[in-house]
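The structure appears below as structure tokens.
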Amino acid sequence: MSDLPSLSLISAATAAFLAYAGIAGVIGLLKRRALAKPNQRSSHTLPTPQGGGVVVVPAVLVSAGVALTLSGSKLPGGAFYLWVVGTAALALTIIGFVDDMRALSVPSRLASQILAVAAAVVLMPADLRIFPPIVPLPLERAALICAGLWFVNLFNFMDGIDLISATETGAIALGILILTGVDAMPPAYGIVALALIGAMAGFAPWNWPPARLFLGDAGSIPIGFLLAVLLIHLASINAFAATIIPLYYFADATITLGRRVFRGERVWEAHRQHFYQQATANGLTVMQTVRRIALLDALLIALAVAAAIGGSLWIGTVCLIAAGGAVGWTLHTFARGPR
């Protein structure tokens, strides 16, 4: 087997280079064909190109795929499963890019997401279980498809201010990387996580406030899909860690959606009601908001690692309660604004 740490770092650097250089090569095209114009729901004030994911996602897939092949590390399911997940992510990128250029219908976008998530879940090895054996495998897989589909969409919903998706992607991937470092997950997951971190590092300069480029649906949807797959696999090892790491995004999106459903609003339409959007509306700058999310994510990573290392029900429960309290306090401060 190759030197795994060195190979992983090379993979991350390659992903960063491919993302940054690739964006430099296509940003002119994106300005002409995929321009996001401001409206009353936008967080930006100037027309800004979107669709950066058309470069970022292939950078992740190529870097991770080559590194996994050279390292000899195997993801559960083997090469075929890796090919299925990669192909699904690439298909979502293409469909998302078309949507960035000219809006597609909600049913067509949802159908593509259902197919991608279903393929990734149904083709998981049968021994990767999350619920107790008393729960039938088909029922568990159906629940995971629903959970994965929601995560893909909430990740897309939350991509509303500069750097927020790069920050959250990096945080979730870093959490998974650390878990592989403490032998709580197989090393292959760390390779994928590092490729995601590298690609986000290459994208971040373009998305730094004020952003010159957005991920668009070409990025937020397939990246949400890849993270969902990683988190589902993590949940089969430690459900507490898989719940804690992405808890901020899950809470912000789920509470906001619940409120909109209660008020009878069209939940598929863009809006400015997320807690992070309330934070900027209440006086925090974009960077202040993103920094607070990053600090919260660092705490969530520490709690997730503690839950995984602790390995007991009570430690996991305590860590989850602490994580919930930290997320709840952050949402409260975002809604209240600076004092």
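The values are calculated or read from the model by the stated rules, or taken from the named source; none is laboratory data. The structure displayed is predicted, hence computed values, not measured ones. Methodologically, a virtual Cβ is constructed for each residue, glycine included, from the backbone with ideal geometry; neighbour enumeration extends over all protein chains shown.
Yes/no matrix, rows are residues, columns are (1) closer than 18 Å to VAL305 by Cβ; (2) not aliphatic (A, V, I, L, M):
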| residue | (1), (2) |
| --- | --- |
| PRO205 | no, yes |
| PRO209 | no, yes |
| LEU215 | no, no |
| ILE221 | no, no |
| LEU227 | yes, no |
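Of all the residues in region 6-20, those that are surrounded by 12 or more Cβ atoms within 10 Å (Cβ to Cβ) and without any contact (Cβ under 8 Å) to a residue 60 or more places away in the chain number 1.
Here PRO132 fulfils each of the conditions (1) assigned to a helix (DSSP H, G or I); (2) surrounded by fewer than 23 Cβ atoms within 10 Å (Cβ to Cβ) apart from (1).
Could you tell me whether ALA193 is outside any loop (DSSP other than H, G, I, E, B) and at pLDDT below 95? When the stated conditions are applied, ALA193 does not pass them. Among residues of region 230-241 being touching a residue at least 60 places away in the same chain (Cβ under 8 Å) and in a helix (DSSP H, G or I), the one that is surrounded by the most Cβ atoms within 10 Å (Cβ to Cβ) is ALA241. Residues of region 221-248 that are polar (S, T, N, Q) and either on the phi > 0 side of the Ramachandran plot or in contact with a Pro (Cβ under 9 Å, 6 or more places away or on another chain) (or both): SER236 alone. If you go through region 260-283 and pick out every residue that is in a helix (DSSP H, G or I) and more than 23 Å from the chain's Cα centre (by Cα), you end up with 3. In region 200-209, of all residues being hydrophobic (A, V, I, L, M, F, W, C) and either in contact (Cβ under 8 Å) with a residue 60 or more places away in the chain or buried (at least 24 other Cβ atoms within 10 Å of the Cβ) (or both), the one that is nearest to VAL60 (Cα to Cα) corresponds to MET200.
Residues in region 257-284 that are in contact (Cβ under 8 Å) with a residue 60 or more places away in the chain and within 15 Å of THR330 (Cα to Cα): HIS274, PHE275, TYR276, GLN277, THR280.
To keep it simple, each residue is scored yes or no on (1) among the polar types (S, T, N, Q); (2) more than 24 Å from PRO209 (Cα to Cα).
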| site | (1), (2) |
| --- | --- |
| PRO246 | no, no |
| GLY258 | no, yes |
| ARG263 | no, yes |
| GLY283 | no, no |
| LEU296 | no, no |
| LEU300 | no, yes |
| LEU320 | no, yes |
| THR330 | yes, no |
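Residue by residue, here is whether (1) within 11 Å of the chain's Cα centre (by Cα); (2) crowded, with 21+ Cβ neighbours inside 10 Å; (3) part of a loop (DSSP other than H, G, I, E, B) holds:
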{"position": "ASN156", "(1), (2), (3)": "yes, yes, no"}
{"position": "GLY160", "(1), (2), (3)": "no, yes, yes"}
{"position": "SER165", "(1), (2), (3)": "yes, yes, no"}
{"position": "GLY170", "(1), (2), (3)": "yes, yes, no"}
{"position": "GLY175", "(1), (2), (3)": "no, yes, no"}
{"position": "LEU179", "(1), (2), (3)": "no, yes, no"}
{"position": "GLY198", "(1), (2), (3)": "no, yes, no"}
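When region 48-68 is filtered for residues that are small (Gly, Ala, Ser) and surrounded by fewer than 24 Cβ atoms within 10 Å (Cβ to Cβ), only GLY65 remains.
Go through ARG292, ARG259 for me and flag whichever is closer than 21 Å to LEU154 by Cβ, charged (D, E, K, R) and at pLDDT 95 or above. Give the steps one after another, and end with the answer.
Values: ARG259 fails: at pLDDT 95 or above.
On inspection, the qualifying residue turns out to be ARG292.
Looking at region 274-326, which of its residues are among the polar types (S, T, N, Q) and either within 14 Å of ILE244 (Cβ to Cβ) or surrounded by fewer than 18 Cβ atoms within 10 Å (Cβ to Cβ) (or both)?
First pass over region 274-326, keeping only residues among the polar types (S, T, N, Q): 277-278, 280, 282, 285, 288-289, 312, 317.
Matches in region 274-326: ASN282, THR285, GLN288, SER312, THR317.
The one condition from (1) within 27 Å of TRP314 (Cα to Cα); (2) touching a Lys or Arg at 6+ places or on another chain (Cβ under 8 Å); (3) of a type outside the set (D, E, K, R) that GLN273 does not meet is (1).
Let's see how each residue does on (1) in contact with a helix residue (DSSP H, G or I) (Cβ under 6 Å, 6 or more places away or on another chain); (2) of a type in the set (Val, Ile, Thr); (3) part of a helix (DSSP H, G or I); (4) under 14 Å from ILE223 (Cα atoms):
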{"position": "ALA64", "(1), (2), (3), (4)": "yes, no, yes, yes"}
{"position": "THR69", "(1), (2), (3), (4)": "no, yes, yes, no"}
{"position": "TYR81", "(1), (2), (3), (4)": "no, no, yes, no"}
{"position": "THR87", "(1), (2), (3), (4)": "no, yes, yes, yes"}
{"position": "ILE95", "(1), (2), (3), (4)": "yes, yes, yes, yes"}
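Figure legend. Inter-residue proximity from region 32-58: first residues basic (Lys, Arg), second residues modelled with pLDDT under 95, beta-carbon distance below 8 Å, spacing 6+ or different chains. Indicated pairs: ARG33/MET101; LYS37/PRO47; ARG41/ALA270; ARG41/HIS271; ARG41/ARG272.
The residues in region 102-129 that are crowded, with 16+ Cβ neighbours inside 10 Å and at pLDDT 95 or above can be counted, and the count is 8.
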